[in-house]
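The values are calculated or read from the model by the stated rules, or taken from the named source; none is laboratory data. It should be emphasised that the depicted structure is a prediction, and the values quoted were computed from it without experimental measurement. With ideal geometry, Cβ positions are generated from the backbone for all residues, glycine too; neighbour counts draw on all protein chains shown. Quick note on the areas: whole protein, heavy atoms, side chains included, nothing else; ligands and nucleic acids left out. Shrake-Rupley method; radii C 1.70, N 1.55, O 1.52, S 1.80 Å.
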Amino acid sequence: MATPDFILGLRDQIGTAPLWLSGSTAGIHRTRPDGTPEWLLVRRADSGAWSVVTGIVDPGEHPAEAAAREALEEAGVVVEVERLVWQDVTDMRTYDNGDQTQYINHTFRCRWVSGEPHPADGENTEAAFFTADALPELDDDHARAMGVLIADAPECGLGPMPPA
């Protein structure tokens, strides 16, 4: 994943100390002609794992705008952000280089508008739609996100996501 310039500048000042950031998750769905819903996932280039489209919110950017931007940048698709589904705080993450980061994450339900999914920016090696009963293996965080996206409860959830 490419690190935004504003974070590189902060890291020059604080080193690997914990950094609090905002993140956005775009749960992108569309409906097949037969009425079956399907969900867009991307396969990360760094780990080979399948995931929901995610990204860091840029300074001054609304988290919903970040979700739409990330969908276009990572998977080459245009989306309409429908609503906020869940807001949570991640565990502290320590990356291979020692950087520590924790995110307030905004998970949005997004409707696919146009574009054939493809790995658009080098962060991913694949992008594809899957039905809910045929999702590839996901790590716990992305499985929980898919769970709340598929459940589509009318209210926005707050706090830790329920187990997948």
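Considering region 102-114, the residues that are out of contact with any Lys or Arg (no Cβ under 6 Å at 6 or more places or on another chain) and aromatic (Phe, Trp, Tyr) include one that is nearest to Leu19 (Cα to Cα), namely Tyr103.
Contact annotation: residue pairs with Cβ atoms under 9 Å, 6 or more positions apart or on different chains, pairing a residue in region 81-98 that is in contact (Cβ under 8 Å) with a residue 60 or more places away in the chain with a partner that is loosely packed, with under 14 Cβ neighbours inside 10 Å and among the acidic types (Asp, Glu), are Val85/Asp152. The strands (runs of 3 or more DSSP E) found entirely in region 1-79 that carry 1 or more residues being over 14 Å from Thr107 (Cα atoms) are 19-31, 37-44.
This table checks each residue for (1) open to solvent by less than 40 Å² (accessible area, probe 1.4 Å); (2) within 16 Å of Val42 (Cα to Cα).
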position	(1), (2)
Val57	yes, no
Leu72	no, yes
Gln87	no, no
Asp96	no, no
His106	yes, no
Val113	no, no
Pro119	no, yes
His142	yes, yes
Gly159	yes, no
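Could you go through region 90-98 and let me know if any residue there is assigned to a strand (DSSP E or B), of a type in the set (Ser, Thr, Tyr) and farther than 17 Å from Thr25 by Cα. Scanning region 90-98, I find at least one residue that is assigned to a strand (DSSP E or B), of a type in the set (Ser, Thr, Tyr) and farther than 17 Å from Thr25 by Cα, so the answer is yes. The set of residues in region 115-137 that are closer than 23 Å to Arg69 by Cβ, touching a Lys or Arg at 6+ places or on another chain (Cβ under 9 Å) and not aromatic (Phe, Trp, Tyr) comprises Pro119, Glu123, Asn124, Thr125, Glu126, Ala127, Ala128.
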